[in-house]
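**Q** First the structure, which I've put down as structure tokens, then a few questions once you've had a look.
Every number in this text was worked out from the coordinates using simple rules, so none of it is lab data. All values reported here derive from a predicted model rather than from experimental measurement. All Cβ positions, glycine included, derive from the backbone under ideal geometry; neighbour counts span all protein chains shown.
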Amino acid sequence: MAATGPIAQNIEQKQQVKKNSASIRLWHWLNAIVITGSLLTVLLHSTLLAPWQNGQIIQAQLKEAGANVTDDQARHAAHELADRDWTVHTWIGYVLVGLVVFRLLLEFFQVADQKFLRGLKRLYQQYKNTKQNRAQVRHDFWVKTLYSMFYLMIIIQAITGLCLAFEDDVPALKAIHAIREIHSFNMYLIIGFIVLHLGGVFLAERRDKQGIVSDMINGGRE
């Protein structure tokens, strides 16, 4: 009977291993909040806070109130509102940079089986060597590859965002017009990934992989 103690303890420890570590789950949900906030500021800047529209509204409202406002003054007031939104966008960007650094550092300190690159390499080897259930292995490999592309997009967005935030202080950055274009285009790629990600999770939950969302909340079981 004494021999069953360590065995039972080992089994219990194995059962307590989480599929997603607490650090990964924290990063995932913080990243989701930050990206959502960033996209909302962009949406506000191009719709409700658009200077070219609000300038006319401000001028019309002030004229009705009896104030004499020029076009330049109205546009300046509208730009001030938009700039405040852009300031919030910039600070959210700084948080995103912090999360990118946190995720890169986390890759070095994760348990070996939970390292992203290790998992991608393992799936690639399975994809090359596995003859049975090849469709499932191929699916898992390409899902993992898509996530690696997302990580790359987040890194690009963080770097280009930093360049834009400091372009007034570094003339060399201001001269590179491609930075703003890359930042804007990459934003649409991130939106595309989010749509694919949400759609994939929804379909998986309805089919054979129930519990994906709850696993990202409570960690799940290996």
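**Q** Let me know the Kirkwood hydrodynamic radius for the chain, please, with Cα pairs as the basis and the value in Å to one decimal.
**A** Hydrodynamic radius (Kirkwood, Cα pairs) of the chain is 21.3 Å.
**Q** Any chance you could give the angle, 0 to 90 degrees and rounded to 10, that helix 134-165 forms with the longest Cα principal axis of the chain?
**A** Once rounded, the angle reads 30 degrees.
**Q** Okay, next question. Find which of 197, 37, 142 sits farthest along the positive direction of the dipole of the chain, computed with +1 on the beta-carbon of Lys and Arg, -1 on that of Asp and Glu, about the Cα centre.
**A** 142
**Q** Also: Using per-residue counts of other Cβ atoms within 10 Å, averaged over each peptide, order 51-61, 163-173 from highest down.
**A** Values: 51-61: 15.4, 163-173: 12.6.
Order by mean packing, descending: 51-61, 163-173.
**Q** Right, here's the next one. With everything on Cα atoms, drop me the angle between helix 116-129 and the longest principal axis of the chain, reported from 0 to 90° to the nearest 10.
**A** That works out to roughly 60 degrees.
**Q** With the crude spin-label approximation of a point 7 Å out along Cα→Cβ, what separation in nm comes out for residue 204 versus residue 71?
**A** Label-label distance for residue 204 and residue 71, simple model: 5.4 nm.
**Q** Hey, in the GNM for the chain with a 10 angstrom Cα cutoff, which one of 66, 211, 119 fluctuates hardest?
**A** 66
**Q** Sticking with this one: How many lysine pairs are close in the stretch 59-171, with Cα atoms under 18 Å apart and the two 8 or more places apart or on different chains? Present the calculation step by step, with values, prior to reporting the outcome.
**A** Values: 115/144; 121/131; 121/144; 128/144.
Close lysine pairs under the 18 Å cut-off: 4.
**Q** Given the stretch 22-110, report the % of alpha carbon pairs whose separation exceeds 20 Å. Could the numbers behind the result be given before it?
**A** Working: 2026 of 3916 pairs.
Everything past 20 Å amounts to 52 percent.
**Q** Rounded to the nearest 20 Debye, what is the dipole magnitude of the stretch 111-222 about its Cα centre when Lys and Arg each give +1 and Asp and Glu each give -1 at the C-beta?
**A** It works out to roughly 820 debye.
**Q** Just to check, using Stokes-Einstein with a Kirkwood Rh over alpha carbon pairs, what's the diffusion coefficient of the stretch 160-213 at 10 °C and 1.306 mPa s in µm²/s? Walk me through the intermediate numbers first.
**A** Working: Rh = 13.5 Å.
Value of D from the Cα-based Kirkwood radius: 117 µm²/s.
**Q** Continuing with the same structure: Please compute P(r) over all alpha-carbon pairs of the stretch 111-222, binned at 10 Å starting from zero, and give each bin as a whole-number percent.
**A** Histogram of Cα-Cα distances, whole percents per bin: 12, 30, 31, 17, 9, 1.
**Q** Given Cβ point charges of +1 (Lys, Arg) and -1 (Asp, Glu) and nothing else, what value in debye, to the nearest 20, does the dipole of the chain about its Cα centre take? Numbers along the way, then the final one.
**A** Working: 23 positive and 18 negative charges, 330 e Å.
Computed about the Cα centre, the dipole is about 1580 debye.
**Q** While we're on this one: Relative to the present Cα-Cα distance, how much length would full extension add between residue 189 and residue 128 at 0.36 nm per residue of separation? All intermediate terms of the calculation are to be shown ahead of the outcome.
**A** Numbers: separation 61, 0.36 × 61 = 21.96 nm, distance 2.87 nm.
That pair, residue 189 and residue 128, stretches by 19.1 nm at full extension.
**Q** Under the rule of -39500 (n - 2.57) per DSSP H run of 4 or more residues, summed and divided by the residues of the chain, what mean residue ellipticity at 222 nm is obtained, to the nearest 500 deg cm²/dmol?
**A** Working: 9 runs with 176 residues, N = 222.
My calculation for the chain gives -27000 deg cm²/dmol from helical runs alone.
**Q** Could you identify which residue out of 180, 103, 134 has the top mean-square fluctuation in a GNM of the chain using Cα springs shorter than 10 Å?
**A** Largest GNM mean-square fluctuation: 134.
**Q** Farthest toward the dipole's positive end in the chain, which of 54, 91, 210, given Cβ charges of +1 (Lys, Arg) and -1 (Asp, Glu) about the Cα centre?
**A** 210
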